[in-house]
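Right, one structure below, let's go through it.
Each reported figure results from applying straightforward, stated rules to the coordinates on display, with no laboratory input. If you're wondering where the values come from, they're calculated on a predicted model, not measured in any experiment. So basically every Cβ, Gly included, is an ideal-geometry build from the backbone, and we count neighbours across all protein chains shown.
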Amino acid sequence: MKFIITITRDEDGMFIAECPSIPGCVSQGKTEEEAQRNVQDAIRESLIARSELGMPLTIATRQVDIAV
């Protein structure tokens, strides 16, 4: 499966990675690469947990156009 992730940098310099289509699926790392690896692990674990609990694996996300 393919997922979109976001990576931002916090005020302490840590990189925060999140998967918007899985609520609460967030991780971090000292580098962007580490944050990406960590969130990939978090995605795998989240999918397993959500499946075991009978929850939907993901929520709907959409891309919208906004004129600015």
Result of the Cβ filter at 7 Å on segment 55-68, keeping first residues that are closer than 12 Å to ILE22 by Cβ and partners that are assigned to a loop (DSSP other than H, G, I, E, B), at least 6 apart or interchain, is THR58/SER21; THR58/ILE22; ILE59/SER21; ILE59/PRO23; THR61/PRO20; THR61/SER21
Matching strands (runs of 3 or more DSSP E) fully within the chain where at least 3 residues are of a type outside the set (Asp, Glu) and surrounded by fewer than 16 Cβ atoms within 10 Å (Cβ to Cβ): 6-9
